Amino acid sequence: GNSVTQMEGPVTLSEEAFLTINCTYTATGYPSLFWYVQYPGEGLQLLLKATKADDKGSNKGFEATYRKETTSFHLEKGSVQVSDSAVYFCAGISGTYKYIFGTGTRLKVLA
Amino acid sequence: DVKVTQSSRYLVKRTGEKVFLECVQDMDHENMFWYRQDPGLGLRLIYFSYDVKMKEKGDIPEGYSVSREKKERFSLILESASTNQTSMYLCASSLAYRESRTKNIQYFGAGTRLSVL
């Protein structure tokens, strides 16, 4: 069946370090892919998205490229800040409505 | 901005109680969802509604029911709460799927953390 696999956390980085959170998907067809972020005490909010192969989603300094050949959608940021500390979820949409979520990766950025 | 409001941030209930979790969205979205979020398991879909009075089971519907009498409101009901239903519950909404629509973005409420004692 369809699935999304993302790296387990927690990930702990120093401020201004480079961030990569890996995400791979298994799906029939080519799903739209998303990264959501959940800040402490809040619900999920969309961080970025890509709807087809080679699309690059970007927002707030984060980027992810939809790689069909490796079925991946890795999240990257060149220089993380303390305010980026949160849980990050990779997700894909399968069919007409059903999201498939990864298990989430907790990021902690130290000053 | 889309706003999805969940009526309670924290709830504490006793085993066997009937529990209602309420969710309201203000953007005229057709689709509404209830998820539960547990450490190491991510988000799991409990129920989905694509129209008033319409519902579909998600991946883990056992022990839950839902009600959607109005387009903007989607309620999750625990008929007889049990300790294994202690969790974070997230409501979400989205526009109806369209092939030409590239968004299909889900908008989430802040969540209700339910403890069943």
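The values are calculated or read from the model by the stated rules, or taken from the named source; none is laboratory data. Bear in mind the structure is a predicted one, so any value in this text is a computation, not a measurement. Positions of Cβ are backbone-derived with ideal geometry, glycine not excepted, and every protein chain shown enters the neighbour counts. Side chains are part of the model used for accessible areas, which takes the heavy atoms of the whole protein and leaves out ligands, DNA and RNA. Shrake-Rupley method; radii C 1.70, N 1.55, O 1.52, S 1.80 Å.
Quick check on residue B:76: is it open to solvent by less than 60 Å² (accessible area, probe 1.4 Å), at the interface with another protein chain (Cβ under 8 Å from one of its Cβ atoms), closer than 24 Å to residue A:102 by Cα and of a type outside the set (D, E, K, R)? Judged against the criteria, residue B:76 is not a match. Among what's in region B:38-54 and is in a strand (DSSP E or B) and of a type in the set (Gly, Ala, Ser), pick the residue that is nearest to the other protein chains (Cβ to nearest Cβ). For region B:38-54, the residue satisfying everything is B:42. For the structure I just gave you, tell me whether residue A:72 is more than 14 Å from every other protein chain (Cβ to nearest Cβ), open to solvent by less than 50 Å² (accessible area, probe 1.4 Å) and either under 17 Å from residue A:102 (Cβ atoms) or under 15 Å from the mean Cα position of the chain (by Cα) (or both). So residue A:72 fits the description; yes. Quick one: in region B:39-50, of everything that is of a type outside the set (A, V, I, L, M) and under 14 Å from the mean Cα position of the chain (by Cα), which residue is surrounded by the fewest Cβ atoms within 10 Å (Cβ to Cβ)? Top of the filtered list is B:44. Selection of region B:1-37 for residues being surrounded by 15 or more Cβ atoms within 10 Å (Cβ to Cβ), at the interface with another protein chain (Cβ under 10 Å from one of its Cβ atoms) and charged (D, E, K, R) yields only B:30. Within region A:50-70, can one find any residue that is within 23 Å of residue B:38 (Cβ to Cβ) and at pLDDT 95 or above? Checking region A:50-70: not a single residue is within 23 Å of residue B:38 (Cβ to Cβ) and at pLDDT 95 or above. Residues that are over 17 Å from residue B:114 (Cβ atoms), more than 14 Å from chain A (Cβ to nearest Cβ) and open to solvent by 90 Å² or more (accessible area, probe 1.4 Å) within region B:55-73 comprise B:69, B:70, B:73, listed in sequence order.
Here A:38, A:81 are screened, and the one residue that is open to solvent by 50 Å² or more (accessible area, probe 1.4 Å) and either within 11 Å of another protein chain (Cβ to nearest Cβ) or at pLDDT 95 or above (or both) is A:81. Taking the criterion of being of a type outside the set (Val, Ile, Thr), touching a residue at least 60 places away in the same chain (Cβ under 8 Å) and within 17 Å of residue A:84 (Cβ to Cβ), the residues of region A:1-35 that qualify are A:6, A:7, A:9, A:10, A:13, A:14, A:15, A:16, A:17, A:18, A:19, A:23.
Picking from residues in region B:100-112 that are modelled with pLDDT under 95 and more than 9 Å from chain A (Cβ to nearest Cβ), the one that is farthest from the chain's Cα centre (by Cα) is B:100.
Among the residues of region A:21-35, the ones that are of a type outside the set (A, V, I, L, M), open to solvent by less than 50 Å² (accessible area, probe 1.4 Å) and within 10 Å of the chain's Cα centre (by Cα) come to 3 in all.
Scanning region B:11-26 for residues that are in contact with a Gly (Cβ under 8 Å, 6 or more places away or on another chain) and without any contact (Cβ under 8 Å) to a residue 60 or more places away in the chain gives no hits. For the subset of region A:41-62 comprising residues that are under 20 Å from residue B:25 (Cα atoms) and out of contact with any Phe, Trp or Tyr (no Cβ under 8 Å at 6 or more places or on another chain), which member is farthest from the other protein chains (Cβ to nearest Cβ)? Restricting to residues being under 20 Å from residue B:25 (Cα atoms) and out of contact with any Phe, Trp or Tyr (no Cβ under 8 Å at 6 or more places or on another chain), the top hit is A:41.
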